[in-house]
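Down below is the structure, laid out as structure tokens.
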Amino acid sequence: MAFFRKGQNLLFIAGGIGLAPLRSVINYVLDKRENYGSVEILYGSRSMQDLVGLDEIQNDWSKRDGVDVYLTIDREQPEWDGHVGFVPNYVKELGFDTSKTVVMCGPTIMIKFTLGGLMELG
């Protein structure tokens with residue numbers, strides 16, 4: 001059973017605990033990597049400690065060929081050297097190609113503003 005069309009470019013966007021329901025879909029796509037085009041994953045949370053499955057993301061997902069992972073947290077932390085900012089703003093900052101299929105899960109307010117950002121990008 002395939003979730004998406006063969007060769008399709010995918011963009012997963014998750015906020016907070018919203019990564020949990022997307023995790024199995026992302027792992028399915030990564031296990032069937034040859035069936036899809038580019039795979040991008042943007043995940044943000046309030047803090048570094050709130051990033052669900054950070055070890056898997058950094059040690060597995062981000063090391064896969066053809067997979068780009070973008071992480072962000074809401075507020076600066078001394079031990080965090082990654083991006084700081086809210087998911088909707090990061091989406092616009094990254095300027096994703098909007099011809100991708102987007103799969104998103106997170107707080108309602110994040111989804112609302114992220115959709116707005118994607119619409120601004122076209």
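The values are calculated or read from the model by the stated rules, or taken from the named source; none is laboratory data. Predicted, not measured: the structure shown is a model, and the values here were computed from it. Backbone-built Cβ (ideal geometry, glycine too); neighbour counts: all protein chains shown. The accessibility values were calculated without ligands, DNA or RNA, using every heavy atom of the protein model including side chains. Shrake-Rupley method; radii C 1.70, N 1.55, O 1.52, S 1.80 Å.
Below is a table of values for the structure above.
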| quantity | calculated |
| --- | --- |
| Verdict on residue 37 being closer than 24 Å to residue 74 by Cβ and either open to solvent by less than 50 Å² (accessible area, probe 1.4 Å) or at pLDDT 95 or above (or both) | no |
| Boolean, residue 32 is of a type in the set (Lys, Arg), closer than 23 Å to residue 6 by Cβ and either touching a helix residue (DSSP H, G or I) at 6+ places or on another chain (Cβ under 7 Å) or open to solvent by 30 Å² or more (accessible area, probe 1.4 Å) (or both) | yes |
| The range 1-21: number of residues that are open to solvent by 10 Å² or more (accessible area, probe 1.4 Å) and over 12 Å from residue 71 (Cα atoms) | 12 |
| Single match in 93, 40 (criterion: in contact with an Asp or Glu (Cβ under 7 Å, 6 or more places away or on another chain) and not in a loop (DSSP other than H, G, I, E, B)) | 40 |
| One residue from 23, 75 being assigned to a loop (DSSP other than H, G, I, E, B) and among the charged types (D, E, K, R) | 75 |
| Residues of the range 45-60 that turn out to be touching a strand residue (DSSP E or B) at 6+ places or on another chain (Cβ under 7 Å) and aliphatic (A, V, I, L, M), as a count | 3 |
| The range 60-85 - residue that is of a type in the set (A, V, I, L, M) and closer than 15 Å to residue 26 by Cβ and, of those, least open to solvent (accessible area, probe 1.4 Å) | 67 |
| Yes/no for residue 68 being over 23 Å from residue 109 (Cβ atoms) and either at pLDDT below 95 or in a loop (DSSP other than H, G, I, E, B) (or both) | no |
| Checklist (1) assigned to a helix (DSSP H, G or I); (2) surrounded by 13 or more Cβ atoms within 10 Å (Cβ to Cβ); (3) under 13 Å from the mean Cα position of the chain (by Cα) applied to residue 56, failing item | (3) |
